[in-house]
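Scroll down for the structure; my scribbles are underneath it.
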Amino acid sequence: MIDDKFKIFSGSANVPLAMEICRHAGVQLGQMRLDRFSDGETYFQVLENVRGADVFVVQPCSHPVDVHLMQLLMMIDAFKRASAWRITAVIPYYGYARQDRKDKPRVPISAKLVADLLETAGASRALTLDLHAPQIQGYFNVPVDHLYASPVLVEYFKNKGLGPLTVVSPDAGGVERARAFAKRLDAPLAIVDKRRIDIDVSEVLHVIGDVRGTTALIVDDIIDTAGTLTKTAEALSAEGATRVLATCTHAVLSGPAVERICKSPIEEVVVTDSVPLSEAARKVSKIKVLSVAELLARGILSIHEETSISELFI
C-alpha cells in the first residue's frame, strides 16, 4: 500500500509520461501551479503539503531545453524550502549530456554544470534513462540510478521475427550499447566509421562488418537532426542490407529530422516516450513509440521502498 508521504510531480516537459508513471506507481500526480510572468519568468507553487514527503520530480530536458531545466531547478528548490524529506530528480532525458568533456579549447563541460545545478537546487538523488555518456553519473555527489530502455526495445524486436539480423552502431562511441543489443538479440555486430565535421554535421565513411543479405538494425541513444542516422542507413543499403530499421531511446528529432527520416531507406524507427514527439513526428507512420513509463515507475518505487533496482537491467 502506497503511503501519503510518497508523491510524484511533473514539470511541463512531458506530462503524459508523468501521468502514466503515476498510473503504474498507483498514485495521483501532485497538485501544483506552473505559470509564467509577462516577461517570461517561470512561476511555480506547490499546492499540497509535502513536509516530510519522499518527492519525485519528473522532467526530461526536452525542447525548449533551458526552459525545462529551469523549471526543474525551481521545482526542486520549492520542494526543499517546503521541507520535503527527500527530492529525486527523475530526468528521462538528461539535458546537455553530449557536452560531457572538453573536446575543444575553451568550452564548458555543460553536463557537469547541470549536475552541479541540480545538487545546488536541492536534489537528494537522480534517476535517469540512457545517459549519452554513462560517466555523467560520476559528475554527481549524490546517488544516481541509471536505467536503460533496452529491455523495452529489445522485447519489441524479439517479437518481430526479423530473420537474419545485424545490429549496427552508428559510431564508435555507441559500440557498447549496440553490443548489448546484439547479445540479447543473438545477432552479429557492425560498426559505422563516422567522422563529425561540424556541430550536427557528420560524414559516414564506411561500414565495419558484414550486413549483406540481412536486416540492419541501427541502435543509438539519441536521434537529433537524424543526419547521422540517415547517412548510416544509406551506407548500410549500399553495403547490401535487405532492410534497415532503427531504434533509439530519446527521439529529440529537431530541425530537418522528420523530413530526413521520411526520405530515408529506413522502414521503421522505434523510439520511447522519454521526450514527447512533435506534431509532425506523430504523423509519420515510420515512427513507432514505446512507453518507458512502467520501467521508470518501477525505478521510482524501488527508490521509495529502498529495494534493489538491479532487476530492471535484465
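Laboratory data are not the source of any read-out in this text; all were calculated from the coordinates shown. All values derive from a computational prediction rather than experimental measurement. Positions of Cβ are generated from backbone atoms using ideal geometry, with glycine treated the same way; all protein chains shown enter the neighbour counts.
Points to keep in mind about this one:
- Taking only the Cα atoms of the stretch 237-281, the ratio Rg/Rh comes out at 1.00, with Rh defined as the Kirkwood radius.
- Segment Tyr43-Asp4, extension gain: residue separation times 0.36 nm, minus the distance between their alpha carbons: 11.5 nm
- Cα-based Kirkwood hydrodynamic radius, the chain, one decimal, Å: 20.3
- Values of log10 I(q)/I(0) for the stretch 116-164 across q = 0.20 Å⁻¹ run -0.71, by the Debye formula with one identical scatterer at each alpha carbon and no solvent.
- With Cα atoms as the point set, the radius of gyration and Dmax of the stretch 51-113 evaluate to 14.0, 46 Å.
- For the chain, size of Cβ-based charge dipole, Lys and Arg +1, Asp and Glu -1, in debye: 240
- The tail of the calculated P(r) for the stretch 102-217 beyond 19 Å holds 60 percent of all Cα-Cα pairs.
- Within a Gaussian network of the chain (alpha carbon springs, distance under 10 Å), most fluctuating of Ser62, Ser124, Ser38: Ser38
- Amide H contacts under 5 Å for Asp145, placed H, 5+ residues apart: Ala126, Leu127, Thr128
- Each of His206, His146, His304 was scored by other Cβ atoms within 10 Å of its Cβ. Arranged with the fewest first, they read His206, His146, His304.
- Subset of Lys160/Lys194; Lys7/Lys112; Lys194/Lys263; Lys231/Lys283; Lys112/Lys194; Lys112/Lys158 violating a 31 Å alpha-carbon distance limit: Lys112/Lys158
- Cα principal axis extents for the stretch 213-314, largest first, Å: 51, 33, 19
- Alpha-carbon Rg/Rh ratio, for the stretch 127-283, with Rh computed the Kirkwood way: 0.95
- Of all beta bridges that DSSP places with both ends in the stretch 1-129, some 25 percent have antiparallel geometry.
- In the chain, the DSSP beta bridges split such that about 25 percent are antiparallel, to the nearest 5.
- Dipole of the chain [Lys/Arg +1, Asp/Glu -1 at C-beta], most positive-end residue of Met74, Gly11, Thr232: Thr232
- Cα lying deepest toward the dipole's positive end in the chain, options Ala293, Ser254, Asn49, charges on Cβ: Ser254
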